[in-house]
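Student: Take a look at the following structure, please.
Derivation of every value follows stated rules applied to the coordinates shown; laboratory data play no part. Note that the structure is a prediction, hence the values are computed from the model and not measured. Note: ideal-geometry Cβ built from the backbone for every residue, glycine included; neighbour counts use all protein chains shown.
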């Protein structure tokens with residue numbers, strides 16, 4: 001039962017396009033100014049695919065390869081850090097620039113603060129030990145376990161590296177099997193080979 | 001603030017960015033209906049800012065959409081109030097900014113914006129967003145029947161004010 005007035009209302013319903021990008025940018029800026037931007041999201045095109053960069057006021061919390069299940073990862077960020085997550089690429093610029101430079105061969109060490117809140121317990125020790133392995137060098141699962149304080153916990157070390165939330169910057173690709181095998185990698189072995197090639201450990 | 005959790009225990013909130021993605025366009029249309037195109041974007045930003053501030057304190061993740069529409073409604077009311085107080089010309093003689101984007105059938109939608117709050121919101125949901133009554137009720141936190149009644153009451157009033165042949 002639609003009458004004239006209802007037709008006119010629907011027909012003349014005010015329309016105006018929303019520019020979502022402008023809205024996002026405005027929200028990110030204001031949220032940062034007010035201190036309520038707890039987690040900033042950005043993306044970065046790299047030779048290993050489009051990476052998602054997750055930054056908090058404390059530092060880099062996560063770096064994700066494509067296909068790693070970003071929804072699950074964000075869920076974890078909600079639980080462990082905050083649900084105040086906004087797309088705010090400009091907040092991730094420092095990290096993105098350094099990663100760009102690394103892939104371009106202009107940078108060998110990363111100089112960004114890390115937010116370790118997505119890592120707990122022994123895994124944190126293992127990843128901190130891993131972060132100390134220099135560019136172009138490699139270590140073994142047993143060695144990082146020892147560095148982390150438990151030489152026999154190399155399986156646990158392997159698990160910790162397998163769930164490293166910050167690949168590339170925390171260079172878990174530099175950890176190999178003691179016998180010389182590549183071991184595993186979150187982003188797949190092709191990516192591990194690429195990174196080791198970039199650093200001159202493997203033939204490219 | 002809890003030290004080890006980003007949210008209240010047992011609450012599963014989506015990342016705020018997904019709320020923006022999912023609801024920005026429709027909320028914007030809703031606000032264009034309530035306050036007109038010139039103020040809708042500001043109002044939308046205010047809505048999301050308020051929501052973002054309160055977000056980690058939510059005690060459950062149900063009805064997030066209804067929650068956003070309630071905030072948007074409140075922001076629209078603030079905007080309209082502010083507009084009433086806004087002088088048409090200040091003491092220096094500076095003209096206020098000209099309204100942008102004149103709408104078709106301006107008079108009719110102006111009359112919508114002058115309806116009492118619940119009728120206004122229900123009419124905007126019905127005719128700017130083309131929602132069914134059950135959905136309108138959901139978003140307003142009232143029953144389907146109450147939503148229908150608010151729309152009818154709004155339409156009756158509009159008929160009185162703009163008349164059947166008013167163009």
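Student: Calculate, for residue A:76 and residue A:204, the FRET efficiency according to 1/(1 + (r/R0)^6) with r their C-beta to C-beta distance and R0 30 Å; round to the nearest 0.05. Present the calculation step by step, with values, prior to reporting the outcome.
Tutor: Details: r = 34 Å, r/R0 = 1.14.
Taking R0 as 30 Å, the efficiency between residue A:76 and residue A:204 is 0.30.
Student: In the protein assembly as shown, what is the volume of the convex hull around the alpha carbon atoms, normalised per residue and reported in Å³?
Tutor: Working: hull volume 66.3 nm³, N = 371.
It comes to 179 Å³ per residue, whole-number rounded.
Student: Along the Cα-to-C-beta direction of residue B:66, a point sits 7 Å from the Cα; which residues of the range B:131-152 have their amide N less than 18 Å from that point?
Tutor: Counting only backbone N, you get B:131-151.
Student: For peptide A:71-79, how many partner chain Cβ atoms fall within 10 Å of a residue's Cβ, on average? Can you show the working numbers first?
Tutor: Details: counts 3, 0, 1, 4, 4, 1, 2, 10, 8.
Neighbouring Cβ atoms belonging to other protein chains average 4 per residue here.
Student: Which parts of the range A:161-204 would a label at residue A:111 reach, counting a residue when its backbone N lies under 20 Å from a point 7 Å out along Cα-to-Cβ?
Tutor: A:168-171
Student: Which whole-number value in Å³ per residue fits the convex hull of the alpha carbons of the range A:98-149? Show your work: numbers first, answer last.
Tutor: On the way: hull volume 4.5 nm³, N = 52.
Measuring per residue, one finds 87 Å³ for the Cα hull of the range A:98-149.
Student: If the viscosity is 1.306 mPa s and the temperature 10 °C, what translational diffusion coefficient in µm²/s does Stokes-Einstein give for chain A when Rh comes from Kirkwood over Cα pairs? Please report the intermediate quantities before stating the final value.
Tutor: Working: Rh = 18.9 Å.
Roughly 84 µm²/s, to the nearest whole number.
Student: Count, for each residue of B:118-129, the Cβ atoms from other chains sitting within 10 Å of its Cβ, then give me the mean as a whole number. Walk me through the numbers before you get to the answer.
Tutor: Working: counts 0, 0, 0, 0, 0, 2, 3, 0, 4, 9, 6, 1.
Per residue, the number of nearby Cβ atoms from other chains is 2 on average.
Student: Need one word for the range A:1-70: rounded, prolate or oblate. Basis is the Cα gyration tensor (sqrt eigenvalues a ≥ b ≥ c); a/c below 1.5 gives rounded, then a/b vs b/c decides.
Tutor: Working: a/c = 3.93, a/b = 2.22, b/c = 1.77.
Here the range A:1-70 falls in the prolate category.
Student: Taking Cα pairs under 8 Å and at least six residues apart, what relative contact order does chain A come out at, in percent?
Tutor: Values: 281 pairs, mean separation 33.8, N = 204.
With pairs under 8 Å counted, the relative contact order is 17 percent.
Student: What is the gain in length, in nm to one decimal, between residue B:135 and residue B:42 on full extension, counting 0.36 nm per residue of separation less the C-alpha to C-alpha distance?
Tutor: On the way: separation 93, 0.36 × 93 = 33.48 nm, distance 2.55 nm.
That pair, residue B:135 and residue B:42, stretches by 30.9 nm at full extension.
Student: Less than 11 Å from a label point 7 Å out along the Cα-to-Cβ axis of residue A:16: which backbone N atoms in the range B:24-58 qualify, by residue?
Tutor: Hits in the range B:24-58 for residue A:16 at 11 Å: B:28-44.
Student: Which whole number gives the average, over all residues in B:32-42, of C-beta atoms from other chains lying within 10 Å of the residue C-beta?
Tutor: Mean shielding by partner chains, rounded to a whole number: 3.
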